[in-house]
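No value in this document is a laboratory result; all are computed from the given coordinates. Quick caveat: nothing in here was measured; it's all calculated off a predicted structure. Virtual Cβ from ideal backbone geometry, glycine too; neighbours counted across all protein chains shown.
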């Protein structure tokens, strides 16, 4: 019944009439709400809506092409005003319809859009069947990039769609509960297969995307770490550092090297066409406003996105209030689910999602052979609301809806398209280390090494990094100095670290402490502690190299025993001069190189490949002096993050190391098991080579 109704309302004539009625009611409501808007009769309202639609149909395709740079450089606000201008222009033409100012017209336009979004959603009116979709399709086929772009061909393209942070077991549960109907239908119809793969250590985006997009993710020990040679903190949220990481790993044969497109990713995969990609975001030569055409071609897209952004902020504040009222546990406190976080969430769950999907649709219509896009909304919400919370599943549902839109758009593309959905890692849940024990990891280390100055570094979440990259894009390419300064101030607001830092030399206002290079040894604390989910990294800064187990026990007596015996710690790894890498637990030691265990194995319960992952991590030049992994409770499936996130990833234990790959059923896997992100690269590259070439 629901599908029949959806089919009926999306018949071209029925759809046009319904939209006309909805917008007429919206205009009448806004006139009732605002004294500055006057409509004499229903007939004038019907005529006004018809004229607004006609003006948009005639003028918007031209205006959007000419004025696109202004829209991009003002983050869409220019087109919001342009919407209002067209409504005001209609009021100057239709007798009996008056608006006092363009400002009132802008508010009227927003109100009509809001009502249209609400009612269209309730009636399941398909936005993808609109007139503007056809405008985009024709335009993108003409301006497609590459030697064969836009041309009709039977050679299929492949779009890789990453759902950041979604584990295979969580996806399967979401399917059972109806939150991913599109992907579930693909499986039920036999169109796709679902397999899991195993991440490297560390299980986080910079390491995983380096492996997936370039086939090389060595020397990335965590999301943030201490670079001994440069004597500075390196963070994967810093676009300069991400660019350096990609340059060091790229051999020119990235996943997207053959005329591919990178959308909303951390790394580019050597794609010639990039948008909102952290590794290339400061390269002005690779910024093209034409990439945003598909998004701004519809006059109401920005207004709709803005309204969804504000709605998501309201939703987050309401959900947080509900969680507090119901005493949901585990739960972050008001300092970590504050208004600042609500803004970050709104950007990741709506703005970045909408930009991604419309740009990908444009890529399809241009005949782009391959694309890789990251959808970060689920990961951000799961960090703060819980891995399997309704809040996180709602974000996942909205991402799944976008895949249905892409599937629909592919039917009108100049070439057939295959959709591959994957994740870069999962997330593991549980109350944080601080919540459980009343102290952070750096505070624990400070207690155990009381004679030394210890400083901890962490961010609220990866979401701040995504927003940081997005605002960097706006700032780097903005031509107006006043707008650039505003973007810089906003970026500084999102870049600040909420966690307390005991350093006697705190960063200047707006300065990102992780960007601060410290070459003078006196400026560094003797010990720095960083968190990457439930993975902790402890570095001494005085030696300029990794300290051995023997040196740590001599110079920092009691630190190793104190950490290993803490109930929140699962195991430590240190490098012994005599025995090589040693894993230490509260009741035993595992000598990795010697394949020997004394007492109880501290790696029991962390998976059959724990030794391999730790040996690989141990070989990195910036492997920490002490690598700390939290406990993993197998029965409760819980870990304890060393940063304030109740859904986390970065270390070992639980779902965080269990991402997935959803691919066309006719395809075959080249390897029986996909272990490590580089194995995923080899598989995706193989499919690309066989499909496109």
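Set the Förster radius R0 to 22 Å, insert the Cβ-Cβ distance between residue 118 and residue 74 as r into 1/(1 + (r/R0)^6), and round the FRET efficiency to 0.05.
E between residue 118 and residue 74, to the nearest 0.05, is 0.25.
For a Förster distance of 22 Å, can you work out the FRET efficiency between the beta-carbons of residue 177 and residue 328, rounded to the nearest 0.05?
The computed FRET efficiency comes out at 0.80.
Show me the ranking of peptides 555-567, 324-336 by mean Cβ neighbours inside 10 Å, starting with the highest.
Highest-to-lowest ranking by the protection proxy: 555-567, 324-336.
If we sort 247-258, 624-635 on the protection proxy, mean other Cβ atoms within 10 Å, highest first, what's the order?
In decreasing order of mean packing, 247-258, 624-635 become 624-635, 247-258.
Using a Förster distance of 45 Å, how high is the FRET efficiency between residue 621 and residue 193, based on the Cβ-Cβ distance and rounded to 0.05? Write down the numbers at each step before the final one.
Values: r = 39 Å, r/R0 = 0.86.
So, using R0 = 45 Å, E works out to roughly 0.70.
Once label points are set 7 Å from the Cα along Cα→Cβ at both residue 439 and residue 34, what is their separation, rounded to one decimal in nm?
Calculated label separation equals 5.9 nm.
Ranked by Cβ crowding within 10 angstrom, fewest neighbours first, how are 425, 579, 418 ordered?
Listing 425, 579, 418 from fewest to most nearby Cβ atoms yields 579, 418, 425.
With labels modelled as points extended 7 Å from the Cα through the Cβ direction, what inter-label distance (nm, one decimal) is found for residue 93 paired with residue 17?
About 2.4 nm, to one decimal.
Can you give me the distance in nm between label points at residue 390 and residue 593, each placed 7 Å from the Cα along the Cα-to-Cβ direction?
5.5 nm
Give me the number: length gained by fully extending residue 66 to residue 153, i.e. 0.36 nm times residue separation minus the C-alpha to C-alpha distance, one decimal in nm.
Values: separation 87, 0.36 × 87 = 31.32 nm, distance 3.03 nm.
28.3 nm is the gain from fully extending residue 66 to residue 153.
Among 606-613, 643-650, how do they line up from the highest to the lowest mean number of other beta-carbon atoms within 10 Å?
The peptides rank, most packed first, as 643-650, 606-613.
Kindly identify region 236-280 as rounded, prolate or oblate by the Cα gyration tensor criterion: order the square roots of the eigenvalues as a ≥ b ≥ c, call it rounded if a/c is under 1.5, otherwise compare a/b with b/c, prolate if a/b is larger, else oblate.
It is oblate, given that a/c is not under 1.5 and a/b is not larger than b/c.
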